[in-house]
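All remarks here apply to the structure that follows.
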Amino acid sequence: MEFPAFPDAPPLLTDDEKLELSKPNCSVTRFKDILTEKTTAYHDLFNDLYPVEKLVKGFAELYDDVLYAAWQGKGLDTEPKVSLTAVGGYGRSELHPKSDIDLLILLKDDQDLPQDKIESFITFLWDMKLDVGHSVRTIEEARTLAEKDITVITNLIESRTLAGSSDLLATLQLQIDTNHMWDGLSFYRAKMKEQKSRHEKYQNTAYNLEPNLKECPGGLRDMQVIDWVAKRHLHTHRLSALIDKQFLSEDEYMQIKGAVSHLWRIRWALHMIVGRKEDRLLFDHQRTLAKLFGFDDEDLKRNVERFMQGYYQSVAAIQQLNDLLLQHFEESFLFIDDNPNIEVLNSHFQISNGQIEARSATLFQDTPSAMLEIYVLMGEREDIKGIRSNTMRQLRDSLDLVDDEFRNNKVNTSLFLDIISSRYRMTYILRSMKHIGLLGRYLPEFGAIIGQMQHDLFHIYTVDAHTLQLVENMRRLWLPAAKSQFPISAQAIRHVPKVELLYIAGLYHDIAKGRGGDHSELGCEDARLFCERHGLSKHETNLIVWLVRHHLLMSVTAQRKDISDPEVIWEFASLVKNQESLDYLFILTVADINATNPTMWNSWRASLMRQLYLETKRALRRGLDSPIDADMQADEHKQRALEILIERNVDMMEAESIWDDIEDEYFIRSSGDEIAWNTEAIIKHRPSTKPLVAITPLGGRNFSGASKIFIYTPIESHVFAVTAAIFEQLGLTILDAKISTTNDKYTLDTFVVMDSDENETNLYLDKDRIDLIRKTLIEQLASPSNYESMVQRFTPRVLKIFNSPSTAHFVSQPEEVWSALEITAPDRPGLLAVIGQFFMQNNIMLHKAKIATLGERIEDTFYITEQNGELITDSMRMKMICTRLKDSIDRFSKATEEN
């Protein structure tokens, strides 16, 4: 491959241009034209793969010349008591196309201030449309502010004179050095507090869906923190100087340089394509950047994932070295202790002031297994705070010893199992191993998923971050707080025979993501090889492999199938086979959902999972050879409802007369509590002819998130379409719907809903909101011809980006009472109303709906029949329904995208 011949330096102002621009009468237009011309030349060099370091430095130098010319043009070069100073990032001589230009106009004193000239200069820069941040201060004012404000002193550490006397800045710098303010310890502590606060804004993770490449953990700001601390303590002006001072190795320096260069290229490209200052890698920008960086296969999703994996690997490198170097500063410079408190652990390790360290500078080279042993010791001792930086660096430098021989060594496999069995901070240990690079070396299959993201709104973490979060979620089930938040899981984890098997299954459940194909099936082989290499028994191996293969089974069954159907429960129980497997799978599933996207775990999903677990447990106790039949389930639900109604002094004869008119499927698929609630509401409502609307929080007042809405009204084909449209207009998301009918031509509809903003608001807490929902439903259901079928609600930006074609197909059920129609489509406000309207227009009766919104898409299942209650079995009719429904949804999605 031939590379273009680069110029020695990027284009700057020529002498003629400098002379022209410095004239008092030079227009703003001429300045803008020259900058546009030069900027275009810089972009061309960027596209030709010119070194970004030279572009960033050259661009800063270009603006130095432009600002100096403007300074001269306004006559400020004749003012001896005023200087123009670059601060902040621009002060480092680094500038991206749309970065802030931070300036300090420094005055010797406040006498004879050339205010008119300064105001004219700043106005001129604004007229040029430059993003200038400026301040005008005397030396004394700047010194006073620097003494009080960590941001000001940080900006002044990186400052240089652009125009005017350099003596002014030199005088200021003497007054703000460590002898006068912000000594090493106070500066370090302030920057650490600042960094901690910044990281918390981004949930302490670099692996956000739309990360900020400057401010997120591992972003460019973390690199600058190292630079600032080094400059304040060591008075270095180049990062490479840390090599001579033995704070940084040659390899680490090259690693940092490569990571920063990569982020600089992304940032330059981002500014170039957006045309303004932008440091967020928004979804639509990710697609453009992926193509610009050479990922241009037909698979757009895969292109973005590969581009983002490179980004995540760079920020991980910066984050790792940020931690290492700042800890090194702390140990070697700030908190030096002539008499450290040392406890010898064994011949390999000791604890020094709470941190574990190697007793030999060549320990890992001499005894490679010590790389795992150090983490075993950390898992045994709660008082070990971390690893000392010199030991961490030694470990990093020894990672090349982790090869196949190391991985198959019985000593090492035993040590790794000890890590999985750690008593203390096991997930902290795994994260440390990943952070340092050891986990990805010891488990190459895990190394392959580091930084692997999924280009959707459902999976909010990279695969490796999600995996370790899942393991942490399982560990948290041992905490007292889990007993109230996750009662079944917290109880189950205390009864599984060997909890370590759960952690191993968690490590491997998504190990094959990004390879193409079914990751659950592909991951089974990796899990089996791990188990065999680590000497697990046949039973343990089979259980882990089974969990990896079926880790999605329980969530799919709970969220997409009719778990009120005894046949569905029997089918699921037949796959699970025993209580032990059920407990393992339940814990893994709950931890997985919460580690995928915590907002997805709400009262509704919790109730579904609980119902599926308890019904399956009951089926297993009864025996798979003795499945419960539908009539028996209906009788049990009726009996429970009777007990509740008797306690509430409800007229039983009236209640039973209501039941006589309701179809049998209602009693099979409704719990006793729900039947009692519906029945009592109907009795109280009679003899009114208005629609009945009752609202209650799901699961009682101790459960947050979802609410149930019960509607009792004369049968009309439009009820679901009207109701769906109203819910959309009111900002409610439908999670589940059940529609039953009576012999006297009434419909009993139960909807489970949540606020669309996912803030887990309880409807029962807000009386005004309940009244509005009830009033709107009653009015619209009483006059259905007045409702607007198309919901006019704003489609969020991120949803518009994901607009894939919909799918619709019929699926078979264990017991075909209704025909099941599965639909996947981009999530859009008003979509359910469109589907409801389609059913109405095509004479389709809806009996039940399972609504699942997974990030940017919906995966809904509708249980339907013909209008007369007959199953839909004709293949041509089924094909017609799917084709027309897909067309309706796609037209609707396209229309919302254009709004």
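For ASP279, which of the numbered conditions (1) under 23 Å from GLN224 (Cα atoms); (2) among the acidic types (Asp, Glu); (3) without any contact (Cβ under 8 Å) to a residue 24 or more places away in the chain fails to hold? Looking at each condition in turn, ASP279 falls short on (3). When the strands (runs of 3 or more DSSP E) confined to region 799-899 are screened for residues that are in contact with a Gly (Cβ under 7 Å, 6 or more places away or on another chain), those reaching at least 1 such residues are found at 844-850.
Among residues that are outside any helix (DSSP H, G or I) and outside the structural domain of GLN319 (by TED's automatic domain parsing), TYR428 is not included.
Among the residues examined, LYS385 does not qualify as among the charged types (D, E, K, R) and at pLDDT 95 or above. Any residue at all in region 65-78 that's among the basic types (Lys, Arg) and under 18 Å from LYS257 (Cα atoms)? Within region 65-78, none of the residues are among the basic types (Lys, Arg) and under 18 Å from LYS257 (Cα atoms). For region 26-62, residues that are in contact (Cβ under 8 Å) with a residue 40 or more places away in the chain and either in contact with a strand residue (DSSP E or B) (Cβ under 9 Å, 6 or more places away or on another chain) or more than 22 Å from ILE273 (Cβ to Cβ) (or both) total 4. Considering SER389, SER352, SER314, the condition of being assigned by TED's automatic domain parsing to the domain that holds LYS214 and either under 34 Å from the mean Cα position of the chain (by Cα) or farther than 28 Å from ILE256 by Cα (or both) is satisfied by SER314 alone. Against the condition buried (at least 20 other Cβ atoms within 10 Å of the Cβ) and modelled with pLDDT of 95 or more, how does MET378 come out, does it pass? Yes: the conditions hold for MET378. Restricting the first member to region 814-843 and to residues that are farther than 16 Å from LYS894 by Cβ, and the second to residues that are among the aliphatic types (A, V, I, L, M) and part of a loop (DSSP other than H, G, I, E, B), the beta-carbon pairs closer than 6 Å and six or more apart or on different chains are SER819/LEU871; SER819/ILE872; ALA833/VAL791. For region 546-603, what are the residues that are over 25 Å from the mean Cα position of the chain (by Cα) and charged (D, E, K, R)? Selection gives LYS561, ASP562, ASP565, GLU567, GLU571, LYS577, GLU580, ASP583. The requirement of being β-branched (Val, Ile, Thr), surrounded by 19 or more Cβ atoms within 10 Å (Cβ to Cβ), assigned to a helix (DSSP H, G or I) and in contact (Cβ under 8 Å) with a residue 24 or more places away in the chain is fulfilled nowhere in region 597-608; no residue meets it. Restricting attention to region 238-258, the residues that are in contact with a Lys or Arg (Cβ under 9 Å, 6 or more places away or on another chain) and farther than 16 Å from GLU53 by Cα add up to 3.
Looking across region 477-494, the residues that are without any contact (Cβ under 8 Å) to a residue 24 or more places away in the chain and in contact with a helix residue (DSSP H, G or I) (Cβ under 6 Å, 6 or more places away or on another chain) come down to ALA482, LYS483, ALA490.
GLU278 fulfils the conditions (1) touching a helix residue (DSSP H, G or I) at 6+ places or on another chain (Cβ under 6 Å); (2) modelled with pLDDT under 90; (3) closer than 23 Å to GLU94 by Cβ; (4) surrounded by fewer than 22 Cβ atoms within 10 Å (Cβ to Cβ) except for a single criterion, (2). Just one of the listed residues (PHE295, PHE307) is in a loop (DSSP other than H, G, I, E, B) and either within 17 Å of the chain's Cα centre (by Cα) or buried (at least 18 other Cβ atoms within 10 Å of the Cβ) (or both), namely PHE295.
Would you mind stating whether LEU239 is at pLDDT below 90 and of a type in the set (A, V, I, L, M)? So LEU239 fits the description; yes.
Criterion first (in contact with a helix residue (DSSP H, G or I) (Cβ under 9 Å, 6 or more places away or on another chain) and in a loop (DSSP other than H, G, I, E, B)) does TYR188 satisfy it? Spelling it out, it is not the case that TYR188 is in contact with a helix residue (DSSP H, G or I) (Cβ under 9 Å, 6 or more places away or on another chain) and in a loop (DSSP other than H, G, I, E, B).
Residues of region 410-456 that are touching a Ser or Thr at 6+ places or on another chain (Cβ under 7 Å) and farther than 30 Å from PRO211 by Cα: VAL411, ASN412, LEU415.
Put simply, of ARG393, ARG407 the only residue that is part of a helix (DSSP H, G or I), modelled with pLDDT under 95 and among the basic types (Lys, Arg) is ARG393. Are any residues in region 513-561 on the phi > 0 side of the Ramachandran plot and surrounded by 17 or more Cβ atoms within 10 Å (Cβ to Cβ), and if so, which ones? Once the filter is applied, which keeps residues that are on the phi > 0 side of the Ramachandran plot and surrounded by 17 or more Cβ atoms within 10 Å (Cβ to Cβ), region 513-561 yields only GLY514. Go through the residues of region 7-15 one by one and say whether even a single one is assigned to a helix (DSSP H, G or I) and buried (at least 16 other Cβ atoms within 10 Å of the Cβ). Within region 7-15, none of the residues are assigned to a helix (DSSP H, G or I) and buried (at least 16 other Cβ atoms within 10 Å of the Cβ). Within the bounds of region 210-220, is there any residue that is assigned to a loop (DSSP other than H, G, I, E, B), under 40 Å from the mean Cα position of the chain (by Cα) and assigned by TED's automatic domain parsing to the domain that holds LYS74? Within region 210-220, none of the residues are assigned to a loop (DSSP other than H, G, I, E, B), under 40 Å from the mean Cα position of the chain (by Cα) and assigned by TED's automatic domain parsing to the domain that holds LYS74.
The values are calculated or read from the model by the stated rules, or taken from the named source; none is laboratory data. If you're wondering where the values come from, they're calculated on a predicted model, not measured in any experiment. Glycine also receives a Cβ, built like all others from the backbone with ideal geometry; neighbour counts cover every protein chain displayed.
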